[in-house]
Amino acid sequence: MHNHIPTPEAMQAHGRGFAERAVDGTVIALVGDLGAGKTHWTKGLVAGLGCDAEVTSPTFGLVHEYTGGRLPVFHFDFHRIDTPEEVLAIGWDEYIDREGVVVAEWAGKFPALMPYGTHWIHIEATEDGGRLLWKNP
């Protein structure tokens, strides 16, 4: 099932809604092209967990940590990473084992690193400027 998300604000609202059911150990794999809305969705998730930090894409920092909410969020961006070994070298396994929620943008590059039970969220631009979003499981 697809959800049509018409604006960046609506994308953030969708992330806030997901935050209501996020629990310790939740892993979210975001898949979509540049500008699809992955970071907007993450902004909503972080805000929905009660953290007022400024959320930005961790493209160059590789991982940002957002604390102060109901659960910490560890926000990864795999866009500029080329191998699974590089992901592991920045502490992926340790973050997966920490208390909190892990969000990985460009997760489709390394699906084998995503643990069982990962929430896959796919975002695709539409001709009207909105986005289609679908999830599995």
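The values are calculated or read from the model by the stated rules, or taken from the named source; none is laboratory data. These figures come from a predicted structure and were not determined experimentally. Virtual Cβ from ideal backbone geometry, glycine too; neighbours counted across all protein chains shown.
Considering only the range 95-122, state which residues are over 13 Å from the mean Cα position of the chain (by Cα), of a type in the set (A, V, I, L, M, F, W, C) and closer than 13 Å to F76 by Cβ.
If the condition is that a residue be over 13 Å from the mean Cα position of the chain (by Cα), of a type in the set (A, V, I, L, M, F, W, C) and closer than 13 Å to F76 by Cβ, then I96, F110, L113 are the ones that fit.
Give me a count of the residues in the range 30-49 that are more than 16 Å from E65 (Cα to Cα) and aliphatic (A, V, I, L, M).
Selection size over the range 30-49: 4.
Condition (residue is assigned to a loop (DSSP other than H, G, I, E, B), at pLDDT below 90 and under 11 Å from the mean Cα position of the chain (by Cα)) applied to the range 17-27: is it met by at least one residue?
Scanning the range 17-27 turns up no residue that is assigned to a loop (DSSP other than H, G, I, E, B), at pLDDT below 90 and under 11 Å from the mean Cα position of the chain (by Cα).
Filter the strands (runs of 3 or more DSSP E) completely within the range 73-137 down to those with at least 2 residues that are touching a Ser or Thr at 6+ places or on another chain (Cβ under 7 Å), crowded, with 19+ Cβ neighbours inside 10 Å and at pLDDT 90 or above.
Where strands (runs of 3 or more DSSP E) fall fully within the range 73-137 and carry at least 2 residues being touching a Ser or Thr at 6+ places or on another chain (Cβ under 7 Å), crowded, with 19+ Cβ neighbours inside 10 Å and at pLDDT 90 or above, they are 73-77, 101-105.
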